[in-house]
Amino acid sequence: MPSFRGILLNKSEAGFSATLTDIDHAQSPADSDVEIAVEYSTVNYKDALALTDKGPVVRRWPMVPGIDGAGTVIASNHPQWKAGDKVIHNGWGVGETHWGCLAERAKLKGDWLVPLPPALSTKDAMAIGTAGYTAMLCLMALERQGVTKERGEVLVTGASGGVGSIAITLLAARGYQVVASTGKLSEEGYLKSLGATQVIDRATLSAAGKPLQKERWAAVLDSVGSHTLANVCAQTQYGGVVAACGLAQGMDLPASVAPFILRGVSLVGVDSVMAPQALRREAWQRLAAELDRAKLASISREVPLADAIGIAKEIMAGQLRGRVVVRPGD
Ligand code: NDP
């Protein structure tokens, strides 16, 4: 294949462009040892930032975006992978400094790849994507800190988004009592169908609040940051745990130390991009075993590659619900 279809981002004096085009194979970066036929990719929040040039995500131009891909190895110089292997890729700076997966082909490093668990299809894997894999990393972080379902309610913020939707599904399947915080109260039915027992308005969390508030949450899975993260820490029970993974409201954390030093609350950071292989494989194995496929289908929808740029605009406008799977091929 001398060329392949893909999205190419470019920035020059003429400005920023995102186009679906034929990409010359010879232009692909050389620092890779595995080539995959991408069967599915997805548009994550970070991809949306890159596709709309809204954040400093892309650090080399031109760039093929797409931090996630799932597909079949077609060529490999890496000892672990051979042609025909089914693999998943998440993160590692792909779509930022290294060409990514919103294309029919991707050249990646073998050390970055995770084997596709046999119970998942490549489409399932991208319906989950970095958002769902991060939701599982957060759940694992909470449980490592001793959170159990007997301790009480678990709050999920950014509930109708990708991380939030999958987090609710995973937590509910493990028997947790899940409260969903959303700006889309019209999605109450959807959030309850995933397993939320109660839905609250995110406006109750998004403004500056007191350093200590009424104790409610045994644990919180936060993808929002800013005042929301400060408020949820202030509302967490004595000895409770907050897992922070996102910044949908903002990167700031206008909080006080009061919840940590007076209530022994723990704030745990979760990163998916550079997470070590052992953690990734554990997360993907657990996703394959624990995630309800019917609910995953209700969270996600499929679009062709040509629609990815429009989807990114919807994500940036906060209009999207759940996850979008992108099919690069015809
Ligand atoms: P989505 O765009 O799918 O969802 C984000 C959700 O956040 C929205 O659906 C909305 O939910 C809520 N939201 C949007 N804007 C605001 C706002 N101004 N104030 C409060 N809530 C808001 O993104 P993802 O779920 O994929 O990612 C969520 C966050 O997690 C992002 O910041 C992303 O960068 C981060 N992330 C971090 C990772 C890591 O490795 N640490 C990995 C993956 C994601 P609702 O309408 O229901 O309130």
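Read-outs: derived from the displayed coordinates by stated rules, not from any lab. From a predicted model like this one, the values you see are computed outputs, not experimental measurements. Positions of Cβ are generated from backbone atoms using ideal geometry, with glycine treated the same way; all protein chains shown enter the neighbour counts.
Miscellaneous remarks
- A Förster distance of 41 Å, applied to the separation of the beta-carbon atoms of residue 216 and residue 53, puts the FRET efficiency at 0.55.
- Filtered GluC sites (Glu not before Pro), the range 1-74: DSSP coil and at most 12 other beta carbons within 10 Å: 13
- For residue 105, residues with placed amide H under 5 Å, excluding near neighbours: 38
- The angle separating the long axis of helix 162-173 from the principal Cα axis of greatest extent in the chain is about 60 degrees.
- The chain: Cα Rg divided by the 2.2 N^0.38 Å rule of thumb: 0.99
- In the range 129-269, taking the dipole from charged Cβ atoms about the Cα centre, the farthest positive-side position among 250, 230, 134 is held by 230.
- When the chain is treated as a Gaussian network with alpha carbon springs shorter than 10 Å, the biggest mean-square fluctuation among 157, 52, 228 belongs to 52.
- Interchain or long-range residues, amide H under 5 Å from residue 302's placed H: 325
- Residue-count net charge about residue 39 - beta-carbon cut-off 10 Å; Lys, Arg +1, Asp, Glu -1: +2
- Taking amide hydrogens as placed 1.01 Å from N in the peptide plane, the amide H of residue 42 sits under 5 Å from those of 68, 326, each at least 5 positions away in sequence or on another chain.
- Members of 86/107; 46/210; 46/86; 82/109; 54/184; 11/46 lying beyond 20 Å, as alpha-carbon distances in this model show: 46/210; 46/86; 54/184
- Electrostatic dipole magnitude of the chain [Cβ: Lys, Arg +1; Asp, Glu -1; Cα centre; debye, to 20]: 700
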